[in-house]
1. Which ones in the range 206-259 are aromatic (Phe, Trp, Tyr) and either within 13 Å of the ligand (Cβ to nearest atom) or buried (at least 24 other Cβ atoms within 10 Å of the Cβ) (or both)?
2. Looking only at residues in the range 416-463 that are within 16 Å of the ligand (Cβ to nearest atom) and of a type in the set (Asp, Glu), which one is surrounded by the fewest Cβ atoms within 10 Å (Cβ to Cβ)?
3. Does Arg110 satisfy the criteria of being among the charged types (D, E, K, R), surrounded by 21 or more Cβ atoms within 10 Å (Cβ to Cβ) and under 16 Å from Leu189 (Cα atoms)?
4. If Val156 satisfies every condition in (1) over 17 Å from Glu35 (Cβ atoms); (2) open to solvent by 10 Å² or more (accessible area, probe 1.4 Å); (3) in contact (Cβ under 8 Å) with a residue 24 or more places away in the chain but one, which is the exception?
5. Scan the range 392-403 for residues that are in contact with a helix residue (DSSP H, G or I) (Cβ under 8 Å, 6 or more places away or on another chain) and either open to solvent by less than 50 Å² (accessible area, probe 1.4 Å) or acidic (Asp, Glu) (or both) and report the count.
6. Could you check Leu189 against (1) assigned to a strand (DSSP E or B); (2) aliphatic (A, V, I, L, M); (3) more than 15 Å from the ligand (Cβ to nearest atom) and say which number it fails?
Amino acid sequence: MPTQYVDGAWVAGSGGGRREIVNPADGSVVATVAEGTSADTHRAIAAARKSFDAGDWAFGPVQERVAVLNRIADLLAADRAAVARLETLDTGKTLRESEDDVDDVVAVFRYYAGLGDKDGGRVVAAASPTVSSRIVYEPVGVCGLIAPWNYPLLQVSWKLAPALVAGNTVVVKPSEVTPLTTIRLVEMLEQAGVPAGVVNLVLGSGPVVGAPLAESPDVDLVSFTGGLATGQTLMRAAAGNVKKVALELGGKNPNIVFADADLEAALDNALTAAFLHSGQVCSAGARLLVQDEIHDDFVAELGRRAERIHLGDGLDPASESGPLVSSAHRDKVEGYVRLGLAEGARLVAGGRRPEEADLQGGFFYRPTVFADCRRDMRIVQEEVFGPVVTVERFRTEDEAVALGNDTAYGLAGAVWTSDTGRARRVSGRLRHGTVWVNDYGPYLPQAEWGGFGRSGIGRELGPAGLAEYREAKHIYENTEPAPARWFAG
Ligand code: NAD
């Protein structure tokens, strides 16, 4: 069956290419999908352009777009188990995580369905009673939506829901490694009655299929979630027609534990922060900062607990953590572990592949804890994007803040303390887009998500996540026209 969707029809790759999609838990092929070409992307852009310019979707009643989002949420909720299974087969994450992802995606579609018709603009006080001055919000136009492999359905939905309700038309480009749930989502969009050309789907590698979205003068906005280097390439490519760019890039997120914290809660969450989805999370708590007086016991216990994490196929309910997404990605993580050792970090746990016979076919790697790390180490500064946490020691609050901000990124961070004054001070001083206090990881559809520094540009979720996909237009209407009398005439 063809797996790209252009102008309301399912189509094969124009070059006839196919790509095998691999289950990271055992290396088996779970699907074969189209491998698109840049010509496919250009056709998809043309379809989105034609649909946008026709205006039926973009400038039709917002209630129709709201209804589509609600239908998508209903379809996803009804198909939760199957969609979650597909996500696990594709990414390797545990079924529990995939089910949480589907629930979160349903919530995001419902949130933007709710927000879509709430704020049509505003009336502005004008200098004269004969002038009507108002701000209206209009869609930006054709949007290229490019997603990564770690949260395929979730990341594409954070873009798609606000883009569609605002009236944009889109070309979606999922990661070539994990396209399956996005294909399923587009099937649901078709079922939900999205008109031809409004949503288009192209599949294939970034440089071939994704790059034209950033380069094309017919695309008005590109929203990208992925790595820093790719984001920089996209920004340069987008300069041609000065298209809007929204970038959600990586993170190296400090998780700061003070001695006065609830240590059991901090320990347990430090483990989840570092090793959920095998650390393949942009907001992973990969940089743990622990206050001097509790440091040694805390790190020893963290190491013991990391060694007890049960790895396995994400479809097995007994598995606490799944594999890495691909063999190539595991190679990259292993390279970082070698680097950490060479830089003088002390291995407390992991640092190896698992020994179990039934895990040998998959891309598994043991949760890894490095202690005695210093801020200038590459293992501390660069995003490993795997099950590797580095631990640094600090003495004072000022030192914790300085270390927490000593990163080129600025996506997320956390502070653990029972001192509310300190919680306020530290959360206020951390230069990150999200700061958790005595928790790690929650996000809300109604709260903005995004990065300071090199973690990106713009925000997803919340009202700002919708604003990314809207242009504000000022309409100034003089009800009693009169000559300007500026020139003698
Ligand atoms: P990636 O940058 O390799 O790829 C992301 C997407 O961009 C893929 O679809 C890829 O095909 C495409 N792409 C690659 N080169 C391209 C090009 N030249 N032009 C257009 N598109 C191109 O990232 P990844 O490895 O898939 O994902 C991991 C990264 O994503 C990590 O750095 C992680 O931190 C980041 N991430 C960030 C967030 C966030 O919310 N900030 C969320 C999830 C992941």
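The values are calculated or read from the model by the stated rules, or taken from the named source; none is laboratory data. Since the model is a prediction, treat every value here as computed from it, not as a measurement. Cβ atoms come from the backbone with ideal geometry, glycine included; neighbour counts cover every protein chain shown. Calculation scope for accessible area: heavy atoms of the full protein, side chains included, ligands and nucleic acids excluded. Shrake-Rupley method; radii C 1.70, N 1.55, O 1.52, S 1.80 Å.
1. To start, the set of residues in the range 206-259 that are aromatic (Phe, Trp, Tyr) comprises 224, 258.
Phe224, the sole residue that qualifies.
2. Taking the range 416-463 and keeping what is within 16 Å of the ligand (Cβ to nearest atom), we get 431-436, 440-445, 447-462.
Add one more test, that the residue is of a type in the set (Asp, Glu), and what stays is 448, 460.
On the way: Glu448: 17, Glu460: 25.
Applying the filter and picking the extreme gives Glu448.
3. Numbers: among the charged types (D, E, K, R): yes; surrounded by 21 or more Cβ atoms within 10 Å (Cβ to Cβ): no; under 16 Å from Leu189 (Cα atoms): yes.
So Arg110 does not fit the description; no.
4. Of the numbered conditions (1) over 17 Å from Glu35 (Cβ atoms); (2) open to solvent by 10 Å² or more (accessible area, probe 1.4 Å); (3) in contact (Cβ under 8 Å) with a residue 24 or more places away in the chain, the odd one out for Val156 is (2).
5. So the first thing to find is which residues in the range 392-403 are in contact with a helix residue (DSSP H, G or I) (Cβ under 8 Å, 6 or more places away or on another chain), and the list is 392-395, 397, 400-401.
Those still in the list that are either open to solvent by less than 50 Å² (accessible area, probe 1.4 Å) or acidic (Asp, Glu) (or both) too: 392, 394, 397, 400-401.
Residues meeting the conditions: 5.
6. For Leu189, the exception is condition (1).
Here is a yes/no grid of residues against (1) in contact (Cβ under 8 Å) with a residue 24 or more places away in the chain; (2) loosely packed, with under 15 Cβ neighbours inside 10 Å:
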residue	(1), (2)
Ala58	yes, no
Arg85	yes, no
Leu115	yes, no
Lys118	no, yes
Thr130	yes, yes
Glu138	yes, no
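Here's the yes/no breakdown for (1) modelled with pLDDT of 95 or more; (2) assigned to a helix (DSSP H, G or I); (3) more than 30 Å from Pro442 (Cβ to Cβ):
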| site | (1), (2), (3) |
| --- | --- |
| Arg49 | yes, yes, yes |
| Asp53 | yes, yes, yes |
| Arg65 | yes, yes, no |
| Leu76 | yes, yes, no |
| Ala84 | yes, yes, no |
| Thr88 | yes, yes, no |
| Glu99 | yes, yes, no |
| Arg110 | yes, yes, no |
| Asp119 | no, no, no |
